[in-house]
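Just so it is clear, none of the values below were taken in a lab; they were calculated from the coordinates. If you're wondering where the values come from, they're calculated on a predicted model, not measured in any experiment. Cβ: placed from backbone, ideal geometry, glycine included. Neighbour counts: every protein chain shown.
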Amino acid sequence: MNVNLLFVCRGNTCRSVLAHYIAEVLVRSHPVKQKPLIRSAGVEAWPGMTASSHTLQVLAKDYDYDASSHRASKLTPEHIKWADVIYTMTTARRDQITTQFPQAVAKLKLLSAKIPIEDPIGGDETVYRELAKDIEQALKVRYLELGIF
């Protein structure tokens with residue numbers, strides 16, 4: 001049985017995009033017990049926006065992943081219904097989703113239990129690269145918890 005994972009940040013152009021596609025890379029590059037279905041969205045996204053240039057560069061250089069076709073998606077009730085687990089990057093975003101979509105409460109988790117995954121907007125490629133490493137580590141922990149690895 002597949003598990004539906006949704007990664008949510010503010011704009012769906014940086015953090016949730018990194019989480020989405022790194023999650024896919026991990027599934028392709030590791031033996032898995034079950035294959036998750038993965039989507040991402042932003043609570044304040046402008047639908048159709050591309051991922052940030054640094055996000056695309058880090059995914060291409062460090063993960064050999066071309067995410068140039070990614071387009072931002074605004075979080076909707078359909079996303080909430082589809083997802084089995086909704087990972088947010090910060091408590092502020094988790095709380096915002098709880099207010100907007102009370103039906104999501106039981107599905108919400110922070111991606112990293114150790115550190116908030118802060119918005120890298122305005123940072124250079126190095127900031128995005130470090131963020132991607134943090135996201136990858138958090139994903140590995142979550143995949144173990146879910147029995148994916």
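Estimated from helical segments only, the mean residue ellipticity of the chain at 222 nm is -13500 deg cm²/dmol, where each DSSP H run of four or more residues counts as -39500 (n - 2.57).
Find how much the distance from Thr76 to Ala92 grows on full extension, using 0.36 nm per residue of separation minus their present alpha carbon separation; answer in nm with one decimal.
Result for the pair: 4.0 nm of gain on full extension.
The residues neighbouring Tyr21, those whose beta-carbon lies less than 12 Å from its own, together hold a net charge of -2 under the Lys/Arg +1, Asp/Glu -1 convention. Once each part is reduced to its C-alpha centroid, what is the distance from segment 29-64 to segment 67-134 in angstrom? Spelled out, the Cα-based centre of one part sits 11 Å from the other. With R₀ set to 25 Å, the beta-carbon distance separating Val32 from Thr99 gives a calculated FRET efficiency near 0.15. Assign unit charges at the C-beta atoms only (+1 for Lys and Arg, -1 for Asp and Glu), then state the dipole size of the chain relative to its Cα centre in Debye, rounded to the nearest 20. Dipole about the Cα centre, nearest 20: 480 debye.
Computed from point charges on the beta carbon alone (+1 for Lys and Arg, -1 for Asp and Glu), the dipole magnitude for segment 38-77 about its Cα centre is near 160 Debye.
Here volume of the Cα convex hull per residue in Å³ was computed from the coordinates, and among [x] 101; [y] 115; [z] 128 the match is [x].
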